Structures are given as structure tokens and as C-alpha cells.
Amino acid sequence: MNHQPGMLSPYRVLDLTNERGHFAGKLLADLGADVIKVEPPQGDAARHRGPFVDDVPGPERSIRWLAWNTNKRSITLDLVDAGGREQFQQLAQSADFVLESFAPGFMDSIGLGYDSLSAVNPRLIIVSISPFGQSGPYRDYQVTDIVSWAMSGNMSITGESSGPPAHISDNHQSYVHAGGDAVIGSLIALEHRRQTGRGQHVDLSIQEATSRGLYQITGSWDMTGRNLPRDARPNVGEGNLSWTWRCRDGYVIWVVPIGPGSVKRLSGLFAWLNEFGEGHELQSIDWENLQVEEITEDDWKHLSRLFEDVFIGRTKRELLEAAVRHDFALFPSATTADTLANEQLRARGFWRDVEHPELGRSIRMPGPFAQGDCAIPPETRPAPALGQHNDEVFAELRTVPALTGASNGVTPDSRPLAGIKIADFGWFMVGPQTIKAFSDFGADVVHVESTARLDALRMVGPFQDDEPDPERCGEYAQVRTGGRAININLKTEAGMEIARRLVKWADIVFDNFSAGAMDRMGLGHQALHELNPDVIVLSSSGQGQYGPHAHGKGGGGHYAALAGFNELTGWPDGEPGYLSAYTDFIAPRFNIPLLLAALDHRRRTGKGQYFELSQYEAGVHWLTPSILEYTVNGRVADRQGNRQPDAATHGAYRCAADRWCVIAVTNDDQWQSLCNAMGVSSLAEDPRFATLQDRKTNEDDLDHLIEQWTIQRDPFEVMHTLQGLGVPAGVVQTGEDLLEHDPQLRYRNFYQRLDHPALGSYRAPQASFRLSAAPCELQRVRLLGEDTYEVLSESLAFTEAEIEQFALAGALH
């Protein structure tokens, strides 16, 4: 069997997906599973989609294919043919997973639906990736990436408020969100199979997976009844200064702090400026006591010019080096060329030169997404040639035994992750987004906080009724569902005694502190394994645990810019777009599968492991096609507004009441249907728009014509009309739309209503997938330290006297 060893090496995956599911198969393969890409005789459609190596089309030359199909094997089967279906069923007898992304109902129509395949192999886990799920009012709606991005709510806050909402120009982000969640659902179902002996159906919605990447959008509506405006930007102290600043060769991200604590945040910048004798006026300002409400618009402009003067004469690299050296949170809006030159990535051995025999060359590609006891993946094999492994795989049919179903007596509705114990030292967004999947499916999660050092997410808002209170933050309540909450002051020896016993109790210890923080507390991975040799440890810091930039300050919004997302969002003649704390939602899509795979590996081997994952590197992985466009063809990807080279019409169009609807026409039939919907059928024959190339040449005129039609109509009317004709279209949804009006999300009960003693009733999202044998039932967020006594007495077996001594020693604050 020609696949690499790894944590999931005993498992076989049959990958039937199109580009919507390629990342799911790649991630499973990177974790060690034997992923067999099952393609039609003509090859997966992605093989024929550009861009291509050296701009020469060919089934082995598509950059998207090469990016998302590493470490897989390829066979060809015609599933339309009875003989091909029979062979697939034979393969399914010895498979553990089937991944598919056909339109809902297609697999049933050819006799390969869940009921048919589970009859062949009751242990089989079948994962269906579709735009809106397998059932519901939108199940048959057509999407492209921009439609999913709009319908998820993400697009409502990207782009400048003066123009249309913006899409990330790499045109693939909703599919990697979905792929990561599909693997999470697969591995939770695998854990359930271990308990019950049976497989099940994993039904994933791309819309919901992409909605899981929202920051404050639904929380704002749920807590305050206001939709988050598109010009909302992070700030420290309610200042009215930019987030993005022009420098000599591009842009940098710098949030100007105002108010209490700002002098400390500014000290590194000022120390650097002092080396050049600059910044005297900036340093003369009383930033700590600046009265924001008294500052005029002219004052803000003057303050902006002072910072502009600092940045405009210096390069991104100069500014980043200064920020690293003097410890202030400034980051470049990186291009793919910047990413390839990044010193931190080089120092950590991030890049791999992968030989591609069919091309007669090697290609530099992103390598491991995690390090520690071993690199994951340990190696990178090139995407397979079409049918490269036909002989090999079909020969294995004669030697690989079929799997058989055998229940071990556990009830089918048992929570899949029950019995798994997690010591959660995580915070802000990466922490709860990583741990939520475990608590929502039954793991016993103990989240460690302290009144002396609150989880910072509690204080970012939005707050119920706009009243700041750590128990009334909507964002925190949405992502911290389930688990138990304890207070431990880790700065006391008594607190450390509790922490050490918690580690001995746990199966997993997780943190997302800055590099070295756990070591400085005496809880580094070596100390943890001395306490508990079998424990699985994951540290998910900003830029990894080592390297020249490892200790730099930053957050998800900074790492999104550093990874290259901002540079790919917005318009070519404007500044890079804003994507909120985007990498905070990417890293968990690696963290969770990594931990689930490590748990499965430990059950079979008895071995605990240590991993460290860089949130920045996780983000770069999600831009692999854009990276390859540079390493292969030498082209630096740029933001293109909402346009794509292989589609027109493709954009966001203003509708009535200042709302927006995206429309994506990818072929001539859809173009004709759009013209019919507009009541101008003859427009399809207009020589300006007759072919895709014609439409691209005259795209400005085309967009104007489309918007003349949409601006008179409600956006939902536009969407439903076009979807009824098979044209991909979707409303740019707001938090209000998602929580109050979306019939598909209501049908699938995506947002569940929970009752909380401080918040009252609020809503939180469940998983983006439905497990046919294991529902996801959310529990409300806990109050600060609510479960301290219970955990200490029942789980950690401390006596009443010991707990009283801990309290007297200040360990329980």
C-alpha cells in the first residue's frame, strides 16, 4: 500500500469529491490515512481548471489540483456504468470513509447512497459535503465560493462601506472551511464507531461551515439588535484611526492604542523611533488620558498624518523587523512573494520542494502544518497522475479483507466524545473554537481561568444591552458552549498544585498562549509528560514555539494580513481589505483533527504526543493555490474585487434598501437564464456579451446593466428568482438574516437557543455537520469559576480541607 505512515494510517478513504471537498481528503491524507481519489475516466474537473503550470493546460498541470491533492492515490472509475459502481462497492467493503460532494440525492440515484453502501459495509462512515446540507428549502440551490461567502454572513463586513462587499480573490475559502469541518465530523463519527461498531452519515453544509468563521456578526445582533457595520474595525480605546497604513512598498497593519495601557503598547514603537530621533510629537501626546469624545475630525486627521509620516518612507520588511526587535504589534499586509521570503517560515522549515515527475520539476509547497514530536505530514508526495494507482488499488481488492459491523452494546445515541477529558488553558478565539467541538459532542472539558487574568474574549463584546460585563459577552457565550469553568491563580504555588493534578487527570492539555508561556509557568510539554506520560499536548501559538519571530505580539487580524488574506481582498486600486480575526477560525480546523487523530492513535498504541501549531502557518496553508501560482509561474496574486477569470457576471450587486446580492455566472446556459430573468433574452446574443471572453472584455458595462435590474428589487427576490433558473446567487446576509430569517439555518437548527443566568436567552451555533447517529446538543456557557468546587472535589479528588487551604492561599481567584 503506497501511502505514508501516520496517526490515521490504518484507515482507508474513498474520495469522490470535486473541489468543494478536496481539502477534506488532503487533510485526512496529511494525517496518515490512505486516501484514494476516485475520478471519472476524464479526470476530476479540477484537473482542467486553470491556472496551469507555465500556463499550459493539462490534467497534471492544474495548480489547484496540485495544491489540494497531495499525498493521495488516484484511480479511475465510471460510476455511471454498472460495472464501475460494482467495483466501487467492492472498494467500499474494505473502506472506512467515503467522501462525496455531489448534489444532494445524486448518490442515491445511482444506487450508492448511504443506505446502499452501509448495507455493504455497516462500519462505513459516509461524509456528504453540499452547499446547504442534504435537506431543507435551499438544498438544491447552486453555489460558487462567492455565494457561500455571502450567504454565510462573512461578506457583510468585508470591503469598504463606500462600495460593494468584497470576496477573497483566491475564490476557494468556503471550501476549505467545509473541508476542515468535514474531517472533524469524520473523526468524531470514527470515535462513535469505536464505541458502537457502526458507521453513520455525516451531512455537512458549506454555508454553516463558513458561518462558523464569523466574528461578532451574529453576536452583535443577538446582544444589541444591531447589525455589525461594514466599516467596523478593531481599536484600542475607541479611537478613530486607521487599521491599514501605506508604507513604501505596500501596506502594514497597526492598531493605534488609546486609553489605559496605551503607553505600554506604544513603548516599543517609540523606542524604535528614538533611535532615529523621530516621533517627538507622537510621544508628547498623553495617550493614556486622551479624551476621545473631545477630539475633532481635524484632530484625528492630524494624528493620522503623524503615523503616516513614520510608515510611508519605510518598507514592509523594515517595519516588521523593527516590530520584532522592539516588541510592538505591527505586521505587513503580505503578498505571496513576501510569504516566500518570510524569515520565520524559513527558520521553521515550513517549505518543501516536492518532485513532480510528470512535470519534470520540483515545486516549492507549504510543508508541515504542525510540528513537535513529529512533523504533520511527515512528507509531502505530489498530487497523483490520473489513474496512477489503478493497478495497485484494484490488486488490493483481492487481499484487503472486508470490514464487518459488530456492535459492542453501547447505545446508538451515546455522545461520541464522552469520557475524553481535556484541561483547557486556551483563551480568546482560537481556544474556544478548538475546544467547542469536544464539549459539544460530550467530552469533559475543564476551562482554566482566573479573576486576575480573565479570558480576554469575555471583554471584547458585544455585550447584552451594551453593558460591559464578563458574564454578558455574546461572542464568548456563543463559542464557549459546554464544558466546565474553574478559577485557578497560576501565580500561586497552591494554584500550580491544582494545575498539576488537572494535568494528571487529563487526556488532552491545550493552550494557545504566546510562545514559551506554558514553559514559563512550569507547564511546558516536557513537564506535562513527566506528570502524565500518556497525555496529548497541543500548543497553538501565533507563529509557533521557535524561530526569530516566535515571540512577536499579535492576533488573528494581524496573522490574516501576514498570511496574505488582506492582500487578496478588495479592489486593485484600493487598500487591502479587512477580514477581522480570520486566522482565529483557520487554526482550529487543524487543531481539532490533529487532536482527534492523536486520540485515535493513542488508543491503538498507548502513546501520548506533543504538537505545536502556528496560527500563521495554518493561514498560509489555506492560500496554497496562490502560493503555487507564485512558486510555479512567478505571478504574485492580487486582489481583484469580486471578479474571477473564469466567470462573468461575478460580483455583488446593489439591491433595494441598500442591500446586496451576489451573482456568479460560470457558463453560457446560466448567462442565458440570467438574461431571461431580467426580461432581456436578446442580451445573451449581444456581441459584447455573447461569450465568456466577450463578457470579460466588457465587464464594466455588464455589471452596470445587471445592477440596473437588481437595484429595483429585494435581494431575496433576486436570489430566489435566479436560483429557480439554476443561476448561482445569494444574498449578502447580515447577523439579523442569519438568526431571524434564514429558512435553511432554521430547518437544520443551526443556531440553538440557550438560557443563561446572566444573559437570559441567547443563541449559539452548533456544528456545521449533522451526524445521523449522534446529535449535537449545546449546553450554555458557564459563569466565571462556576464549577471550581465540583471539579476540585469530584474530578480531582481534593478534600474539603485542601480546598479550604487553596482558597486561603489565594489559589481560587
> What residue, among those in region 721-738 that are surrounded by 15 or more Cβ atoms within 10 Å (Cβ to Cβ) and assigned to a helix (DSSP H, G or I), is farthest from the chain's Cα centre (by Cα)?
Replying inline: THR721
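Per-residue answers, yes or no, for (1) in contact with a Ser or Thr (Cβ under 6 Å, 6 or more places away or on another chain); (2) closer than 11 Å to TYR653 by Cβ; (3) in contact (Cβ under 8 Å) with a residue 12 or more places away in the chain:
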site: MET678; (1), (2), (3): no, no, yes
site: ASP686; (1), (2), (3): no, no, no
site: ARG695; (1), (2), (3): no, no, yes
site: GLU699; (1), (2), (3): no, no, yes
site: ILE706; (1), (2), (3): yes, yes, yes
site: TRP709; (1), (2), (3): no, yes, yes
site: ARG713; (1), (2), (3): no, yes, yes
site: PRO728; (1), (2), (3): yes, no, yes
> So LYS37 clears everything in (1) of a type in the set (D, E, K, R); (2) touching a strand residue (DSSP E or B) at 6+ places or on another chain (Cβ under 6 Å); (3) closer than 19 Å to GLU392 by Cβ; (4) open to solvent by 10 Å² or more (accessible area, probe 1.4 Å) except one condition, right? Which one?
Replying inline: (4)
> Would you call GLY634 open to solvent by 10 Å² or more (accessible area, probe 1.4 Å), farther than 30 Å from GLN195 by Cβ and without any contact (Cβ under 8 Å) to a residue 40 or more places away in the chain?
Replying inline: yes
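How many residues are closer than 14 Å to HIS549 by Cβ and part of a helix (DSSP H, G or I) when one looks only at region 313-336?
Within region 313-336, residues that are closer than 14 Å to HIS549 by Cβ and part of a helix (DSSP H, G or I) number 10.
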> Only one residue in ARG643, ARG753, ARG659 is in contact with a strand residue (DSSP E or B) (Cβ under 9 Å, 6 or more places away or on another chain), surrounded by fewer than 16 Cβ atoms within 10 Å (Cβ to Cβ) and modelled with pLDDT of 95 or more, so which one is that?
Replying inline: ARG753
> Which of the residues belonging to region 495-528 are part of a helix (DSSP H, G or I) and open to solvent by less than 20 Å² (accessible area, probe 1.4 Å)?
Replying inline: GLY495, MET496, ILE498, ALA499, LEU502, VAL503, ALA517, MET518, LEU528
> How many residues does region 662-674 contain that are open to solvent by less than 40 Å² (accessible area, probe 1.4 Å) and either in contact with a Gly (Cβ under 9 Å, 6 or more places away or on another chain) or without any contact (Cβ under 8 Å) to a residue 12 or more places away in the chain (or both)?
Replying inline: 5
> When PHE276 is evaluated against the numbered criteria (1) in contact with a strand residue (DSSP E or B) (Cβ under 9 Å, 6 or more places away or on another chain); (2) of a type in the set (Phe, Trp, Tyr); (3) open to solvent by 30 Å² or more (accessible area, probe 1.4 Å), which criterion, by number, is the only one it fails?
Replying inline: (1)
>> Every residue in region 445-472 that is under 17 Å from ARG780 (Cα atoms), aliphatic (A, V, I, L, M) and assigned to a loop (DSSP other than H, G, I, E, B), please.
In response: none
>> I need the helices (runs of 4 or more DSSP H) fully contained in region 100-172, keeping only those with at least 1 residues that are open to solvent by 30 Å² or more (accessible area, probe 1.4 Å).
In response: 106-109, 114-120
>> So in region 362-418, with the set limited to residues that are at pLDDT below 75 and among the β-branched types (Val, Ile, Thr), which one is farthest from the chain's Cα centre (by Cα)?
In response: THR399
>> Looking at ARG47, ARG64, ARG85 in this structure, which one is open to solvent by 40 Å² or more (accessible area, probe 1.4 Å), outside any strand (DSSP E or B) and either modelled with pLDDT under 95 or basic (Lys, Arg) (or both)?
In response: ARG85
> So, in region 354-378, of the ones that are touching a strand residue (DSSP E or B) at 6+ places or on another chain (Cβ under 7 Å) and in a loop (DSSP other than H, G, I, E, B), which residue ends up most open to solvent (accessible area, probe 1.4 Å)?
Replying inline: ASP373
>> Of the conditions (1) outside any loop (DSSP other than H, G, I, E, B); (2) within 22 Å of ALA764 (Cα to Cα), GLN708 satisfies every one except a single condition; which number is it?
In response: (2)
> Which of the residues that make up region 768-805 are closer than 30 Å to GLY199 by Cβ and in contact with a His (Cβ under 9 Å, 6 or more places away or on another chain)?
Replying inline: SER768, ARG770, LEU771, SER772, ALA773, ALA774
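Look at region 367-386 and say how many of its residues are within 30 Å of GLN42 (Cα to Cα) and among the β-branched types (Val, Ile, Thr). It would help to see each step written out before you state the result.
Taking region 367-386 as the starting set, the residues that turn out to be within 30 Å of GLN42 (Cα to Cα) are 367, 377, 379-386.
Narrowing further to those that are among the β-branched types (Val, Ile, Thr): 380.
Here the count works out to 1.
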> Within region 796-810, can one find any residue that is in contact (Cβ under 8 Å) with a residue 12 or more places away in the chain and either in contact with a strand residue (DSSP E or B) (Cβ under 7 Å, 6 or more places away or on another chain) or among the basic types (Lys, Arg) (or both)?
Replying inline: no
>> What pairs come out if I take residues in region 267-292 that are touching a residue at least 24 places away in the same chain (Cβ under 8 Å) and pair them with residues that are small (Gly, Ala, Ser) and assigned to a helix (DSSP H, G or I) whose C-beta lies under 7 Å away, six or more apart or interchain?
In response: TRP272/ALA322; TRP287/SER262; GLU288/SER262
> Quick check: is even one residue across region 606-614 among the basic types (Lys, Arg), farther than 29 Å from PRO588 by Cα and open to solvent by 30 Å² or more (accessible area, probe 1.4 Å)?
Replying inline: no
>> Condition first: within 17 Å of VAL263 (Cα to Cα), at pLDDT below 80 and not charged (D, E, K, R). Now tell me which residues in region 230-246 satisfy that.
In response: ASN235, VAL236, GLY237, GLY239
> Of (1) touching a residue at least 12 places away in the same chain (Cβ under 8 Å); (2) under 27 Å from SER109 (Cα atoms), MET7 satisfies all except one. Which?
Replying inline: (2)
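Would you point out which residue out of GLY544, GLY557 is closer than 21 Å to ALA341 by Cα, out of contact with any Gly (no Cβ under 6 Å at 6 or more places or on another chain), assigned to a helix (DSSP H, G or I) and open to solvent by less than 20 Å² (accessible area, probe 1.4 Å)? Steps first, please.
Numbers: GLY544 fails: assigned to a helix (DSSP H, G or I).
Within the list GLY544, GLY557, the selection yields GLY557.
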>> One residue is enough: does region 732-741 have a residue meeting the conditions among the β-branched types (Val, Ile, Thr) and touching a strand residue (DSSP E or B) at 6+ places or on another chain (Cβ under 8 Å)?
In response: yes
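The values are calculated or read from the model by the stated rules, or taken from the named source; none is laboratory data. Because the structure is a prediction, the values reported are computed rather than measured. Every residue, glycine among them, receives a Cβ derived from its backbone with ideal geometry; neighbour counts consider all protein chains shown. Side chains are part of the model used for accessible areas, which takes the heavy atoms of the whole protein and leaves out ligands, DNA and RNA. Shrake-Rupley method; radii C 1.70, N 1.55, O 1.52, S 1.80 Å.
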